[in-house]
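**Student:** Just dropping this structure here.
Laboratory data are not the source of any read-out in this text; all were calculated from the coordinates shown. Everything quoted here is computed from the prediction, not taken from an experiment. Positions of Cβ are backbone-derived with ideal geometry, glycine not excepted, and every protein chain shown enters the neighbour counts.
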């Protein structure tokens, strides 16, 4: 099978477990498509697979970037291409999994050629954000409502870049995506993990509480002690930014836990909104182990009878 298996879905829906289960059945290897799991030292808050799960099948693109640097979608595509090629060279199946839908889209369709950065324009937008971020977000809603739905309200970097692209080209970033060549870089069987709203909310709450109980605050403290600056992109991840505020005395730990739960639920909502616009996603409904069984059936049906596990 020359296609990729791609597993998508909202955070805490069970993508990691599903990826490992599938990889074991199809002689596959997992390629992570997570914008923060690439960073070394960001373990608990990114819900990386634990050592036992990671040992079951090979994993790629975890812990490949220094948290002091900013990893990009362009770099992800290059790294993922190399990982996929090496997996195929070994006669195995790439299983791409992750919650960064922008990375998945870039891998499958490529990145459209964005205009070069305009330093004067960026400086002006930075000043506008510093003065009134709500007003800047209102601009984005008017100019590019699709991008406004995808980009978190507090994501300054992506908000300003979307506005910068519009002012430089006269066309919204979302429209440029739609106008970009649609030739696929890879074929893909896309499987989406879907949970009932109440179940997903409960899973998010449980995950966040376990992260903090396992030592997320200490993990962030170590990152800061190791010289990761407060302005690092890695520390903008949900959970990490709340821990930074906690360590600065701006909130208590119970407040940090609550805010992380709320922010994670908002992220899940944005992820689902994005994915529902992707017509190729095969949704796997159910609770407990049902999505795993449904995914195995989909993959086996897609591969056809008699193809075997390899």
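**Student:** Find how much the distance from residue 64 to residue 86 grows on full extension, using 0.36 nm per residue of separation minus their present alpha carbon separation; answer in nm with one decimal.
**Tutor:** 6.3 nm
**Student:** Cα axis of helix 133-143 to longest principal axis of the chain: angle in degrees, 0 to 90, nearest 10?
**Tutor:** So the inclination is approximately 60 degrees.
**Student:** How far is it, in nm, from the label point at residue 153 to the one at residue 24 when both lie 7 Å from their Cα along the line to the Cβ?
**Tutor:** Going by the 7 Å Cα→Cβ label model, 4.2 nm.
**Student:** What is the extension gain from residue 262 to residue 169, computed as 0.36 nm multiplied by their sequence separation minus the C-alpha to C-alpha distance, in nm to one decimal?
**Tutor:** Extra length available between residue 262 and residue 169 comes to 29.9 nm.
**Student:** Pop a pseudo-label 7 angstrom from the Cα along the beta-carbon direction at both residue 285 and residue 269 and give the gap in nm to one decimal.
**Tutor:** The modelled label-to-label distance comes out at 2.3 nm.
**Student:** Turning to a different aspect of this structure: Once you compute Rg and the Kirkwood Rh from C-alpha atoms, what is the Rg to Rh ratio for segment 147-206?
**Tutor:** My calculation of the ratio gives 1.13.
**Student:** On a 0 to 90° scale, report how tilted helix 15-26 is relative to the longest principal axis of the chain, with both axes built from alpha carbons and the result rounded to the nearest 10.
**Tutor:** That works out to roughly 30 degrees.
**Student:** Give the calculated FRET efficiency between residue 178 and residue 135 to the nearest 0.05, with a Förster radius of 45 Å applied to their Cβ-Cβ distance.
**Tutor:** Using R0 = 45 Å, I get an efficiency of 0.95.
**Student:** Go ahead and run the numbers for FRET between residue 206 and residue 127, Cβ-Cβ distance against an R0 of 30 Å, rounding to 0.05.
**Tutor:** Computed FRET efficiency for residue 206 and residue 127 comes out at 0.10.
**Student:** Consider just the alpha-carbon atoms of the chain and return their Rg together with their Dmax, both in angstrom.
**Tutor:** Cα-based Rg and Dmax for the chain come out at 19.7, 63 Å.
**Student:** Between the helical axis of 73-89 and the dominant principal axis of the chain, each derived from Cα atoms, what acute angle in degrees is found, rounded to the nearest 10?
**Tutor:** Value to nearest ten degrees: 10.
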